[in-house]
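The values are calculated or read from the model by the stated rules, or taken from the named source; none is laboratory data. This one's a predicted model, so the numbers in the text were calculated from it and none came from an experiment. So basically every Cβ, Gly included, is an ideal-geometry build from the backbone, and we count neighbours across all protein chains shown. The area values use the complete protein model at the heavy-atom level, side chains included, leaving out ligands, DNA and RNA. Shrake-Rupley method; radii C 1.70, N 1.55, O 1.52, S 1.80 Å.
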Protein chains: 2
Amino acid sequence: MHELVEGLFKKKFSNEILDELADSAVIKFLPSKKSYLCFTTDSYTVNPLFFPGGDIGKLAICGTINDLAVMGVKPLFISAGFIIEEGLDYEILAKITQSMAEVVAQEGVKVVTGDVKVVEKNSADKLFINTSGIGIGDRRVNLSKKEIVPGDKVIINGPIGEHGLAVLAARGDFDFQTEIISDCAPLTDLIQKIINLRKSPSKSAAIPGIKFMRDPTRGGLATTLNELVDGMDFGVSIYEKDIPIKEEVNAACELLGFDSLYMANEGRVVVVLAEGDAEPVLETMRNHPLGKGSQIIGEIIKEPKEKVIMKTKIGGSRIIDMLVGDQLPRIC
Amino acid sequence: MHELVEGLFKKKFSNEILDELADSAVIKFLPSKKSYLCFTTDSYTVNPLFFPGGDIGKLAICGTINDLAVMGVKPLFISAGFIIEEGLDYEILAKITQSMAEVVAQEGVKVVTGDVKVVEKNSADKLFINTSGIGIGDRRVNLSKKEIVPGDKVIINGPIGEHGLAVLAARGDFDFQTEIISDCAPLTDLIQKIINLRKSPSKSAAIPGIKFMRDPTRGGLATTLNELVDGMDFGVSIYEKDIPIKEEVNAACELLGFDSLYMANEGRVVVVLAEGDAEPVLETMRNHPLGKGSQIIGEIIKEPKEKVIMKTKIGGSRIIDMLVGDQLPRIC
């Protein structure tokens, strides 16, 4: 099993760094004084392994790419650590590895180091994947929450809740059917496009004035916005009517008693930026296949500090708190 | 649980990079044209979590440090991904995290990014930890198997088999007792000392002539030596009488029917180097607390190629093959 799996990975992820097969990958990049490293890790335990729109492999690559991309850096190198329950069907592994390889090839990143552990039956639930990633960034792209001021706008690139709902439906715990597929996608290209607006000679130096980006995965939009304001001298106000959500997602959430604001997304990014820069960035996002549904969904407010306030469709307002624990476990 | 654990990790591993708590760690190192990156990953699934001489946490840090150290680079940044079975005692996690924090502090590395996933009861066996690591190396240190020639010596820094046997005994599957403790230890300092012999002005430029280093973990010394010769134009001959092993380990292996050559080590390094440089390197190793038991255990031979030959104590010789699969699962 072990040998088979290693053979599979070596073949699917082959590149000149991985092929060396040393204890560590040797990365001879040409550094510059303007560059810096970003480093991230995530373990993926999604259940089931396959869901509409993706599988644990696609998720493991996209998730780690996105954690780097939202820092404004280019993801370049990825590690893959597999914990496999003994007896897992080889075909399942081959399919999942193929999903990973496809995103890797499409995105121009490289899996440069990996590890396989096989544990006894019932010591793990089929398959867990850890991916860590390294990106190299440009020091001139300086995202900082400290630059955020009241009036700054909040943008999201598309409708919320689709990943969480797709996984939930695939799990079969609830008696409902849906056509919803996960939004799982790698965001590097979309994000690099809006960041690089800055470099366009025809635009003012201040464009795009982006101060914060985050992918609203586990815990959804509500959690990301709470993390945004946590410990800061500002709050955020969002407008329920402007938050993009598919009718089907809304209906399913209501039926099941879930709040879509807390549902995981895997192809969404929340962007906070200067008010005057919101329109050109929004336009650029809407011209991208992964940003067609982009919307300004709110703005930074002076008071109440550290709170997320939602202006509801019926004209009221409510505080959107941080959830304690996960609304849904093993969604990513 | 989730919140508790994250709080624990943030506190135990606190450093200026981790404390930023972004999606990715931002590492603003000052690169030079002479530097390069090494990147490695390993998942740890050792069973039991605690064993004489260590625990899964110490192992997860030492193992990843060693994978970098044997490349001749300095380990600097580590990621930690935890997959926790619901209901695992918080005190156990606190102890394991403390072990990790101690090695991290002692070695001057930093845990800069992390992730926690809690899965349902029976979906994982207590705790798995993935650590990935980044080291930064000096391009002047050029380890390459291609430089190896017949006559080169093979050194190991101490007795074999102790980690594997300690874990096995702790597991309680076999009815035997032993005082053996795991050799689990971080090897950076030892390895940097022998590498830096090169820089000493009183030594010739060729010292220490090191061409290959590897930590003989899963699959033990036999596997590492087989990996050394695989695909190369040489073989390796080792002398049974010179391979350091404690009498207790030897006796226990014979009793249980295991071959100590395949037993995992977690604080050992195999070094292949030019014959003329073996003595000064050996002396340096023996002067180090983690190298007191260093021995020349063999040499590179022209024929048979790609084979590991052991000269036995009684004057015969036998081929040491690669094992198919693990002799013992979940030993690391």
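Taking the listed residues B:LYS58, B:LYS34, the one that is surrounded by fewer than 21 Cβ atoms within 10 Å (Cβ to Cβ) and out of contact with any Phe, Trp or Tyr (no Cβ under 8 Å at 6 or more places or on another chain) is B:LYS34, with no other qualifying. Of the conditions (1) more than 7 Å from every other protein chain (Cβ to nearest Cβ); (2) over 23 Å from the mean Cα position of the chain (by Cα), B:LYS58 satisfies every one except a single condition; which number is it? With respect to (1) more than 7 Å from every other protein chain (Cβ to nearest Cβ); (2) over 23 Å from the mean Cα position of the chain (by Cα), B:LYS58 is out only on (2).
Against the test of being acidic (Asp, Glu) and touching a Lys or Arg at 6+ places or on another chain (Cβ under 9 Å), the options B:ASP55, B:ASP115, B:ASP67 yield a single qualifying residue, B:ASP55.
Tallying residues that are touching a residue at least 12 places away in the same chain (Cβ under 8 Å) and either β-branched (Val, Ile, Thr) or not in a loop (DSSP other than H, G, I, E, B) (or both) within segment B:119-146 yields 16. Under the condition of being crowded, with 19+ Cβ neighbours inside 10 Å and closer than 30 Å to A:ALA170 by Cα, the residues counted in segment A:296-326 number 2.
Report whether or not A:GLY133 is within 10 Å of chain B (Cβ to nearest Cβ), more than 18 Å from B:VAL119 (Cβ to Cβ) and open to solvent by less than 10 Å² (accessible area, probe 1.4 Å). Judged against the criteria, A:GLY133 is a match. For the condition touching a residue at least 60 places away in the same chain (Cβ under 8 Å) and farther than 19 Å from B:PHE39 by Cβ, A:LYS74 does not qualify. Using the structure shown, decide if B:SER14 is out of contact with any Phe, Trp or Tyr (no Cβ under 6 Å at 6 or more places or on another chain), open to solvent by 50 Å² or more (accessible area, probe 1.4 Å), over 25 Å from A:PHE82 (Cβ atoms) and polar (S, T, N, Q). Against the criterion (out of contact with any Phe, Trp or Tyr (no Cβ under 6 Å at 6 or more places or on another chain), open to solvent by 50 Å² or more (accessible area, probe 1.4 Å), over 25 Å from A:PHE82 (Cβ atoms) and polar (S, T, N, Q)), B:SER14 qualifies.
Check segment A:166-178 and report whether any residue there is open to solvent by less than 20 Å² (accessible area, probe 1.4 Å), touching a Leu at 6+ places or on another chain (Cβ under 6 Å), at pLDDT 90 or above and under 30 Å from A:LEU143 (Cβ atoms).
We begin by selecting, within segment A:166-178, every residue open to solvent by less than 20 Å² (accessible area, probe 1.4 Å); these are A:166-168.
After this cut, where a residue has to be touching a Leu at 6+ places or on another chain (Cβ under 6 Å) as well, the list is none.
No, segment A:166-178 contains no residue that is open to solvent by less than 20 Å² (accessible area, probe 1.4 Å), touching a Leu at 6+ places or on another chain (Cβ under 6 Å), at pLDDT 90 or above and under 30 Å from A:LEU143 (Cβ atoms).
Contact annotation: residue pairs with Cβ atoms under 6 Å, 6 or more positions apart or on different chains, pairing a residue in segment B:171-187 that is within 20 Å of B:THR217 (Cα to Cα) with a partner that is open to solvent by less than 100 Å² (accessible area, probe 1.4 Å) and basic (Lys, Arg), are B:CYS184/B:LYS58. The residues in segment B:110-125 that are farther than 22 Å from B:ASP23 by Cβ and more than 9 Å from chain A (Cβ to nearest Cβ) can be counted, and the count is 1.
Only one residue in B:GLU91, B:GLU107 is within 26 Å of B:ILE194 (Cα to Cα), more than 10 Å from chain A (Cβ to nearest Cβ) and open to solvent by 10 Å² or more (accessible area, probe 1.4 Å), so which one is that? Step through it out loud before you land on a result.
Numbers: B:GLU91 fails: within 26 Å of B:ILE194 (Cα to Cα).
Checking each option against the conditions leaves just B:GLU107.
Residues that are within 26 Å of A:ILE331 (Cβ to Cβ), within 9 Å of chain B (Cβ to nearest Cβ) and out of contact with any His (no Cβ under 8 Å at 6 or more places or on another chain): does segment A:13-22 have at least one? No. Write out, first by first residue and then by second, each pair whose Cβ atoms fall under 6 Å of each other, whose residues are 6+ apart or on separate chains, and whose first residue, in segment B:107-118, is in a helix (DSSP H, G or I) while the second is open to solvent by 10 Å² or more (accessible area, probe 1.4 Å) and of a type outside the set (Val, Ile, Thr). The qualifying pairs are B:GLU107/B:PRO186. Among the residues making up segment B:256-301, those that are over 21 Å from B:LEU190 (Cβ atoms) and assigned to a loop (DSSP other than H, G, I, E, B) are B:GLY257, B:PHE258, B:ASP259. Screening A:ILE181 against (1) within 14 Å of another protein chain (Cβ to nearest Cβ); (2) assigned to a loop (DSSP other than H, G, I, E, B); (3) hydrophobic (A, V, I, L, M, F, W, C); (4) over 27 Å from A:GLU299 (Cβ atoms) leaves a single unmet condition, (1).
Filter segment A:246-262 down to the residues that are among the aliphatic types (A, V, I, L, M) and surrounded by 20 or more Cβ atoms within 10 Å (Cβ to Cβ), then identify the one that is nearest to the chain's Cα centre (by Cα). I'd like the intermediate steps shown before the answer.
Step one: list which residues in segment A:246-262 are among the aliphatic types (A, V, I, L, M), which gives A:249, A:251-252, A:255-256, A:261.
Right, trim to surrounded by 20 or more Cβ atoms within 10 Å (Cβ to Cβ) and you get A:249, A:252, A:261.
Values: A:VAL249: 19, A:ALA252: 22, A:LEU261: 15 Å.
The selected residue is A:LEU261.
The set of residues in segment A:26-54 that are modelled with pLDDT under 85 and of a type in the set (A, V, I, L, M) comprises A:VAL26, A:ILE27, A:LEU30.
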